[in-house]
Amino acid sequence: MKRPDLVSAGVNLAQHSSLGIGGKADFLARIRSEEDLFRAFEFARDEKLDTFVLGRGTNVLFSDKGFRGLVLKMEPRKMYLFSNDVKELSVEAGALVSTIVGLEAESGFSGFENFAGLPGTVGGAIYGNAGCFGAEFWERMISVRYFDGENFLELKPEDFLFPFSYRSSLFKDHPNWVIISARLRIKEADPRQVAKRVKEIAGQRAERQPVGKDAGCIFKNPLRCSVRVSAGRLIDEAGLKGMRIGNAEISSVHANFFVNLGGAKASDFLELIELTKGRVLERSGILLEEEVIRVGEF
């Protein structure tokens with residue numbers, strides 16, 4: 001099949017990663033519509049290419065060797081505010097969560113203050129069931145529209161019995177499913193109170209998280225005696241804050257954030273991840289599970 005115009009070849013993935021790391025992808029398609037998505041999948045199927053869905057590139061560690069396949073870069077960002085019996089916000093997958101937070105104070109609704117400062121997209125937040133300050137993204141969802149490779153479908157509330165859990169979703173079990181958009185539950189609120197809460201959360205996040213090139217939390221908070229404990233604290237207690245391999249460093253601000261100091265390689269981060277898992281296991285008996293997603297050949 002002839003390569004569609006929306007598909008580019010030999011794209012540098014470092015430019016599409018919040019870490020600023022990664023080799024080249026064989027192909028990258030900028031998806032701006034459902035028709036684009038269908039055409040991109042058609043190309044991948046005909047060329048027998050693996051696919052990877054990308055939002056803003058947070059929580060992702062691209063390999064130095066790149067990705068042998070087609071990266072689908074989701075770019076639609078429209079939002080529609082509805083005020084019916086159930087107030088809702090219809091949002092496309094490429095929309096930034098921070099845009100929703102900003103819209104809250106302007107439009108007089110609430111529900112997403114705890115996500116202030118989250119750098120990713122709505123699609124990414126659904127895929128990984130993003131959690132911030134005690135709130136989880138799935139709790140706000142009414143439905144999700146997605147593409148399973150052949151058909152456009154909708155996951156409805158009655159299907160929400162078990163598909164979402166801590167930092168995971170049904171979509172992680174089906175990596176070829178692509179989130180298109182979502183309907184999100186909101187409620188009316190005093191814009192001044194919403195703005196105040198957003199400012200508080202954003203301030204707390206700024207105090208607790210480093211500035212620079214990072215991928216968000218590297219590890220999930222593990223369970224100990226049915227209670228989740230801070231992975232960052234476990235890493236800190238293992239004496240690893242400030243540990244550096246190459247130009248990859250465990251942040252001295254928050255130990256669950258690994259920072260690219262400039263020119264770091266994926267191999268540096270991978271070595272730092274494995275070192276951290278080993279040290280924490282040795283000290284606490286807990287094997288940390290990665291939250292960051294490895295993409296490509298490692």
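One Cα centroid belongs to region 85-126, the other to region 160-239; the line between them spans 13 Å. With a Förster radius of 51 Å applied to the beta-carbon distance between GLN204 and GLU282, the computed FRET efficiency rounds to 0.95. Straight-line reach from LYS196: which lysines fall under 20 Å, measuring Cα to Cα and dropping same-chain residues less than 8 apart? Of all the lysines, those that pass the test against LYS196 - Cα under 20 Å, at least 8 places apart if same chain - are LYS187. The slack in the chain from PHE298 to SER267, taken as 0.36 nm per residue of separation less the alpha-carbon distance, amounts to 10.4 nm. Note on region 7-74: with charges restricted to the Cβ of Lys and Arg (+1) and Asp and Glu (-1), its dipole about the Cα centre is near 220 debye.
With the simple model of a label 7 Å out from the Cα in the direction of the Cβ, GLU106 to ILE142 spans 2.1 nm. Considering only alpha-carbon pairs that sit under 8 angstrom and 6 or more positions apart, the relative contact order computed for the chain is 18 percent.
Can you give the extra length, in nm with one decimal, that the chain gains between ARG244 and LEU153 once fully stretched, where that is 0.36 nm per residue apart less the Cα-Cα distance?
Full extension from ARG244 to LEU153 adds 28.2 nm.
The Cα center of region 54-78 and the Cα center of region 240-298 differ in position by 20 Å.
When you filter the trypsin sites (Lys or Arg not before Pro) in region 47-102 for DSSP loop state and at most 12 other Cβ atoms inside 10 Å of their Cβ, you are left with LYS48, LYS78.
Residues of region 110-153 falling in the label zone of GLU35, defined by backbone nitrogen less than 17 Å from a point 7 Å along Cα to beta-carbon, are 152. Based on C-alpha pairs under 8 angstrom that are at least 6 apart in sequence, region 107-249 has a relative contact order of 27 percent. Summing Cβ point charges (Lys, Arg +1; Asp, Glu -1) relative to the Cα centre of region 211-295 gives a dipole of roughly 140 debye. Note on region 79-206: dipole from Cβ charges, positive end direction compared against LEU170, LEU184, PHE112; the farthest Cα belongs to PHE112. Under the Karplus relation 6.51 cos²θ - 1.76 cosθ + 1.60, θ = phi - 60°, what is the ordered set of whole-Hz ³J(HN,Hα) values for region 142-150, x standing for Gly and Pro? Using θ = phi - 60°, the values come out as 9, 6, 10, 9, 8, 10, 9, x, 9 Hz. Set the Förster distance to 45 Å, then compute FRET efficiency between TYR166 and LYS2 from the Cβ-Cβ distance, nearest 0.05. Efficiency, rounded to the nearest 0.05: 0.55. Under the simplified labelling scheme, the GLU47-LYS187 pair shows an inter-label distance of 4.8 nm, with each label point 7 Å from Cα along Cα→Cβ.
Values in this text are rule-based calculations from the coordinates and carry no lab data. In this text the structure is predicted, and so the values were computed from the model without any measurement. Note: ideal-geometry Cβ built from the backbone for every residue, glycine included; neighbour counts use all protein chains shown.
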